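Accompanying notes for the structure given below.
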Amino acid sequence: MSSDDFGIGLVGAGFISREAHAPSVEYIPDARIAGIQNRTRENASSLAADCNQNGNSEPSIYGDGEIKALATDPDVDAIWVTTPNFTRLNAVKAVIEAVEDGADLQGIAVEKPIGRTVKEGNRLLELVDRVDLPHAYLENWPHEPDVGDMRSLLWEQGRDAGRPYIARSQAEHGGPHSGWFWDGRKQGGGALTDMLCHALANNEILLSDPNGSPPKAVSVTANTGTLKWDRNAYAEELEAAYDINFATDPVDDYASATIQYEDANGRPVISEASGSWCYVGSGVRRTIELLGPEYSGQVLSDETSSSVFFSDDLSNDEGWAEKQNATSGRMPVSAAEVVKGGYVAENRNAIESFRDEQNARLDLDDGCRILRLCMAAYKAAETGQEVDPRATDLTEYVPFPARK
């Protein structure tokens, strides 16, 4: 364990590490990326070079099968697991085995979702609890400054009128950036698990009394569909890009879910979540709302005061913004996206919590609960019936897009 800056070991050098976690650490005093492990060592080296150039850190580099070596690196104080969904459980298992063999870690943080099924999520949590290691669930939406400010203000100023009773979160973009997202067995589902795990977690936080306990989920209804990407031209596009036969093995590219909760007084409050991979526009389009008696609040993530335009003569067919699906047109510019997007806050909270030998504000128990809601939503969509998450055994349930 290092004695100066808090050293983060990244397991995974993909998009979320490169575009969110590594850049966000530059904003956190006394923290740095100390090591990077990736199945493809060249990708770890590339990200390490970026960290060196942008953040004045020199991460150690580890390749395939070297997660334990990363966990025992004396400069690494905690592990951030950001690998693809189908590798996540084994990555955590390797970290825990290193701890059992003597690795001196202060905590482990796991990117959303923590598993592809309830069974997988429960197993991951059991492994971490086995060594009594502080943990964090990396879900950035509730950490976003605009979302947090809206929640605090409405609960504080609106409490005399009554608690909030509806939270809505909606997000859509043009489709994932890596092939494994489109594979139901590797990802664990489709747009529902990819998009609604954000929205459902965010809604639950918005509906939770800052001075009390979260409301209890009592019913789940949901709908899923494949609206765009199984059409011939688009399926051929996916096959060419990712070698995926989406025409014969589609997943949902649209999903919506409604969760009914009961508050401490037994009154209903509602979470409405939706998401899709069908949006044609500039990056990610998202709306977050919180409504109560005599008040409401809204966060629009694609609203910005500045934008840019590049002609195709300059683009070389390459995008530069997250989920950009066109190389021409006006694109919004958001300053310090890792700050506005909540990544700095979520990572700062995890680091501070681990230093205090505590779990983060959102921990792996929260991750398991949100994963369970996602599975309940898939089951509700599949059966066309309302699911009571309190009474339904979802341990062995596998979403229909993820079955062999």
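Table for the structure above
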| read-out | value |
| --- | --- |
| Those GluC sites (Glu not before Pro) in the stretch 11-77 that DSSP places in a loop and that have at most 16 other beta carbons within 10 Å | Glu26 |
| Relative contact order (%) - criterion: Cα under 8 Å, at least six apart; region: the chain | 20 percent |
| In order through the stretch 81-87: 3J(HN,Hα) via Karplus (6.51 cos²θ - 1.76 cosθ + 1.60), integer Hz, x for Gly, Pro | 9, 10, 5, x, 3, 6, 10 |
| Rough spin-label spacing in nm, given labels placed 7 Å along Cα→Cβ, for Thr72 and Asn90 | 2.0 nm |
| Pair Thr392, Leu153: separation of 7 Å Cα→Cβ label points (nm) | 3.7 nm |
| Karplus-derived 3J(HN,Hα), 6.51/-1.76/1.60, for each residue of the stretch 240-252, Hz, glycine and proline x | 5, 7, 10, 6, 10, 8, 6, 5, 9, 10, x, 10, 5 |
| Unsatisfied cross-links (Cα-Cα over 20 Å) in the set Lys112/Lys186; Lys112/Lys404; Lys68/Lys119; Lys68/Lys404 | Lys112/Lys404; Lys68/Lys119; Lys68/Lys404 |
| Modelled FRET efficiency - R0 41 Å, Ser178 with Ser213, Cβ distances, 0.05 increments | 0.65 |
| Directionally averaged shadow of the chain, computed from the convex hull of its alpha-carbon atoms, nm² | 20.1 nm² |
| Stretch gain in nm, segment Glu357-Ser46, where the contour uses 0.36 nm per residue and the Cα spacing is subtracted | 108.7 nm |
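Taken together, the values in this text are just the output of simple stated rules run on the coordinates, not laboratory data. Computed from a predicted model, the values in this text were never measured in an experiment. All Cβ positions, glycine included, derive from the backbone under ideal geometry; neighbour counts span all protein chains shown.
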